[in-house]
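Just so you know, all these numbers are worked out from the coordinates, no wet-lab data involved. A quick note: this is a predicted structure, and the numbers were derived from the prediction, not measured. Cβ coordinates were reconstructed from backbone atoms using ideal geometry, including for glycine residues, and neighbour counts include every protein chain displayed.
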Amino acid sequence: MPLTISSKGKKHRFVVEVARTVDEQAMGLMNRSSLDPDRGMIFPFEPPREASFWMKNTLIPLDMIFVRADGSIANIEANTVPLSLQPVYSAGPVAAVLEIAGGRSAELGIKAGDKVDWAR
C-alpha cells in the first residue's frame, strides 16, 4: 500500500505492508534480514491507543514512527536496537505505528509534527 510522509514541503513515498490482525502485528518485521529504503510496515489501531513495541526477533534496526489520528507524527524512536526486549513507547495515543529502515527518518529530515498519509 502506498504511504506518503510530508516534511518541510517535500513528500517522501513508501510502499508499506499493513499489519491489521493480532497475528500480523505480533510478527511485524521479525526475522527479516533487510528492508529496502522505500519500504515499511504500518500497524493501524482502532480506536487510537498508547502503543509500545519491542525488537524481539527483529534482526535489523528500525525507525518507529508513532502517528496520531490526525496523521501527525507524535514521536519517532530512531534506530531501534535489533533483538532488544526494551519497550519503545508512543508519546500519547496513536492511530498507527510506521516502521521503516533504521536511520531513514534522519536521512530524510522527518520529524515529530510531520504528516503521514495512507489509505486507512
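Taking 7 Å steps out from each Cα toward its Cβ at residue 20 and residue 91 produces label points 3.1 nm apart.
Going by how many other beta carbons lie within 10 Å of each one, how would you line up 34, 72, 7, fewest first? Please report the intermediate quantities before stating the final value.
Working: 34 8, 72 13, 7 18.
Lowest to highest Cβ neighbour count: 34, 72, 7.
Taking the chain as a Gaussian network of alpha-carbon nodes connected by springs under 10 Å, the highest mean-square fluctuation of the residues 50, 107, 17 belongs to 107. Annotation: amide H-H contacts under 5 Å for residue 62 (H modelled 1.01 Å from N, sequence separation of 5 or more, or interchain): 79, 80, 102. Here the 3J(HN,Hα) profile of the range 54-66, calculated from phi with Karplus coefficients 6.51, -1.76 and 1.60 at θ = phi - 60°, is 9, 10, 3, 6, 9, 8, 10, x, 10, 9, 9, 10, 8 Hz, Gly and Pro shown as x. Charge tally around residue 84: other residues with Cβ under 15 Å, Lys/Arg +1 each, Asp/Glu -1 each, net -2. Largest GNM mean-square fluctuation among 32, 13, 49, using the chain with Cα springs under 10 Å: 32.
Here the 3J(HN,Hα) profile of the range 68-74, calculated from phi with Karplus coefficients 6.51, -1.76 and 1.60 at θ = phi - 60°, is 6, 4, 7, x, 7, 7, 6 Hz, Gly and Pro shown as x. Magnitude of the charge dipole for the chain, about its Cα centre and with charges confined to Cβ atoms of Lys, Arg (+1) and Asp, Glu (-1), is about 280 debye.
Under 5 Å between amide hydrogens, built in the peptide plane, is the criterion, and for residue 96 it picks out 45, 67 among residues at least 5 positions away or on other chains. Taking a straight line from the alpha carbon of residue 11, these lysines sit under 25 Å away, with near neighbours fewer than eight places off in the same chain left out: 111, 115. Calculated [222 nm] ellipticity per residue, helices only, for the chain: -2000 deg cm²/dmol; basis is -39500 (n - 2.57) per DSSP H run with n ≥ 4, divided by all residues, nearest 500.
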